[in-house]
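Engineer: A single structure is presented below for examination.
The values are calculated or read from the model by the stated rules, or taken from the named source; none is laboratory data. Quantities reported herein were computed from a predicted structural model and do not represent experimental measurements. Note: ideal-geometry Cβ built from the backbone for every residue, glycine included; neighbour counts use all protein chains shown.
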Amino acid sequence: MNESPSLRDASVQEIQLELLRRSCWNALDGERVHASLMKHRDLWLAVLLDRPGVANYAEPSSLLMSGLIKLRDLPDNFWNADTLYILTATRPQAEELARIAEDEDWAGEVVVYRNQDEIDRALGTGRQNNGLLSIWWDLFPGPFVKPSPVTFFLTVSSQNICTGCVAFSAGKPRVFRVKVVMRQRQAA
């Protein structure tokens, strides 16, 4: 018997979890991450799969760059989100979930936020002791995504830090976050 609630009866959290469960691209296996979260339900208060926009300080405007990318891709039935935010009651719970994500290889970049003032501002609260972690999966073509022609222009500093990234796909500029990993060749 199907125990899933109908969309009409589903909570907002259940809808978010369903969006995660349906996600399957690059290294993100939404079914696996969803199953793990449900197995460890006692460790978290809420989860949100999102893609925050990016402020363009060079050309300030009312809209964030890529802030509406999810809206753009809805007609294609694609929830274009790359970051899972997990709210916990305490920081130790966030750290435990980060350990689980690493141990179970959720395959994303895990960050546990430690600055409580920053967490409180992001949540619109104050003097709370919530924990917060995020898992970010990049958007480069992998086994779950059909590759498309994209040109990347990267500026890499002498400290091997990506300082600027713009992608052109179908002639339209789009900004992507990228993780640059520099490895030195090993001597033969």
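Engineer: Considering only residues of region 14-33 that are of a type in the set (D, E, K, R) and within 17 Å of the chain's Cα centre (by Cα), which is surrounded by the fewest Cβ atoms within 10 Å (Cβ to Cβ)?
Structural biologist: Checking each candidate, the answer is GLU31.
Engineer: What about SER66, is it in the same structural domain as ARG114 (by TED's automatic domain parsing), in contact (Cβ under 8 Å) with a residue 24 or more places away in the chain and on the phi > 0 side of the Ramachandran plot?
Structural biologist: yes
Engineer: What number goes with the only condition from (1) polar (S, T, N, Q); (2) touching a Leu at 6+ places or on another chain (Cβ under 7 Å); (3) surrounded by fewer than 17 Cβ atoms within 10 Å (Cβ to Cβ) that ASN56 does not pass?
Structural biologist: (2)
Engineer: Sort through SER36, SER11 and tell me the only one that's of a type in the set (Ser, Thr, Tyr) and surrounded by 12 or more Cβ atoms within 10 Å (Cβ to Cβ).
Structural biologist: After ruling out the rest, the residue left standing is SER36.
Engineer: Further, regarding this structure: Does at least one position in region 102-114 carry a residue that is surrounded by fewer than 16 Cβ atoms within 10 Å (Cβ to Cβ), touching a helix residue (DSSP H, G or I) at 6+ places or on another chain (Cβ under 9 Å) and of a type in the set (Ser, Thr, Tyr)?
Structural biologist: no
Engineer: Go through region 75-118 and give me each residue that's among the polar types (S, T, N, Q) and under 14 Å from the mean Cα position of the chain (by Cα).
Structural biologist: ASN80, THR83
Engineer: Please return the ranges of helices (runs of 4 or more DSSP H) entirely within region 16-132 where 3 or more residues are modelled with pLDDT of 95 or more and either under 29 Å from PRO5 (Cα atoms) or touching a strand residue (DSSP E or B) at 6+ places or on another chain (Cβ under 6 Å) (or both).
Structural biologist: 30-39, 91-103
Engineer: Using the structure shown, decide if PHE140 is within 19 Å of ALA35 (Cβ to Cβ) and at pLDDT below 75.
Structural biologist: So PHE140 does not fit the description; no.
Engineer: Residues to consider are THR88, THR83; find the one that is without any contact (Cβ under 8 Å) to a residue 60 or more places away in the chain and surrounded by fewer than 18 Cβ atoms within 10 Å (Cβ to Cβ).
Structural biologist: Only one candidate qualifies: THR83.
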